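Inspection log for the structure reproduced underneath, given as C-alpha cells.
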Amino acid sequence: MSDLKLVIGNKNISSWSFRPWILLTQFGIPFEEISLKLFTPEYAAIIDKYSPSKKVPVLNDGDLRVWDSLSIAEYLAEKYAEKGLWPKDQIARAKARSITAEMHSGFTGLRSNLSMNFHGKKPDFSVPEDAKKDIDRIQTLWEECLSSYGGPFLFGQNFSIADAFYAPVVSRFITYGVKLGPKSSEYVQTISNLPSYKSWGEGAKLEIN
C-alpha cells in the first residue's frame, strides 16, 4: 500500500479535491483515497487527524502533511520528477505555472456563479457578466496553449498539472452548457473522455444516488 493518502471532499462538488486526485490518477501514482463529507459533524470530528488547515484536499505522505492543491501538485512534481508533471521545456513550464496559478487564485466570477456540480445539468443557465469575462479569459488561455503546443493537452501530447487544474472548469462548462469555440470545445472533449475524469464522475454519481 502506498504511503500517500489523499484526503478529499465530496466528488460532486469539491473542485479543489478534484485537481490533485486527477493528477495522481492520470500519472498512475499509487495513493489511498480518504473521502470526507463536507459540512457534516463527522467531517469536523475527523479533519484534524489529517489536515492542519482543517480543509481539503490534503496529502499525507507518512508523517508529512501537504495542504492546498497547488502545494500538493508542486510536492508531487518534485517527488516524482521522472514523470514530468510539469512540461520539460523551461519556457513552456513557466507558462504552465502562470496559467495554473491564475486558475488557483483567480476567476472569482466563474467560481461564484458556476459552482461545481459534476452531475448537475443546467443547460438554460444565464451566465452573469463577471463570469462571462472569466470564461472568455479561460478560452483565450486554452486556445493560445493549444495553438502554441499542438494539443491535445494544454502543453502538447502530455497531460500536466495545468490540465489537472482546469479539469474542474471542464466539468463546470459541461454542467452549465457553456458555449465555447471549436478549440475549447475539443479540449473539453479531450479532458472529459479521460478514464481518470470518468472515474471521478463515477464516484460523484455514487454520492448522489
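Which residue out of I99, I29, I72 is open to solvent by less than 70 Å² (accessible area, probe 1.4 Å), farther than 29 Å from S147 by Cβ and out of contact with any Pro (no Cβ under 9 Å at 6 or more places or on another chain)?
Details: I99 fails: farther than 29 Å from S147 by Cβ; I72 fails: out of contact with any Pro (no Cβ under 9 Å at 6 or more places or on another chain).
Testing whether each residue is open to solvent by less than 70 Å² (accessible area, probe 1.4 Å), farther than 29 Å from S147 by Cβ and out of contact with any Pro (no Cβ under 9 Å at 6 or more places or on another chain) leaves just I29.
K121 fulfils the conditions (1) in contact with a helix residue (DSSP H, G or I) (Cβ under 7 Å, 6 or more places away or on another chain); (2) surrounded by 14 or more Cβ atoms within 10 Å (Cβ to Cβ) except for a single criterion, (2). From the list G177, G109, the one residue that fits, being more than 17 Å from the chain's Cα centre (by Cα) and in a loop (DSSP other than H, G, I, E, B), is G177.
Checking each residue in the stretch 136-161 for being assigned to a helix (DSSP H, G or I) and in contact with a strand residue (DSSP E or B) (Cβ under 8 Å, 6 or more places away or on another chain) picks out only Y149. Of all residues in the stretch 32-45, those that are within 16 Å of I13 (Cα to Cα) and in contact (Cβ under 8 Å) with a residue 12 or more places away in the chain have Cβ atoms under 7 Å from Cβ atoms of residues that are of a type in the set (G, A, S) and in a loop (DSSP other than H, G, I, E, B), 6 or more apart or on another chain, in L36/G9; L38/G9; L38/S14. Inspect all residues belonging to the stretch 160-172 and state whether any of them is open to solvent by 20 Å² or more (accessible area, probe 1.4 Å) and in contact with a helix residue (DSSP H, G or I) (Cβ under 9 Å, 6 or more places away or on another chain). No.
The values are calculated or read from the model by the stated rules, or taken from the named source; none is laboratory data. Remember, it's a predicted structure, so these values are computed and weren't measured experimentally. Note that we place each Cβ from the backbone using ideal geometry, even for glycine, and neighbour counts take in every protein chain shown. Just the protein is used for accessible areas: all its heavy atoms, side chains included, with ligands, DNA and RNA removed. Shrake-Rupley method; radii C 1.70, N 1.55, O 1.52, S 1.80 Å.
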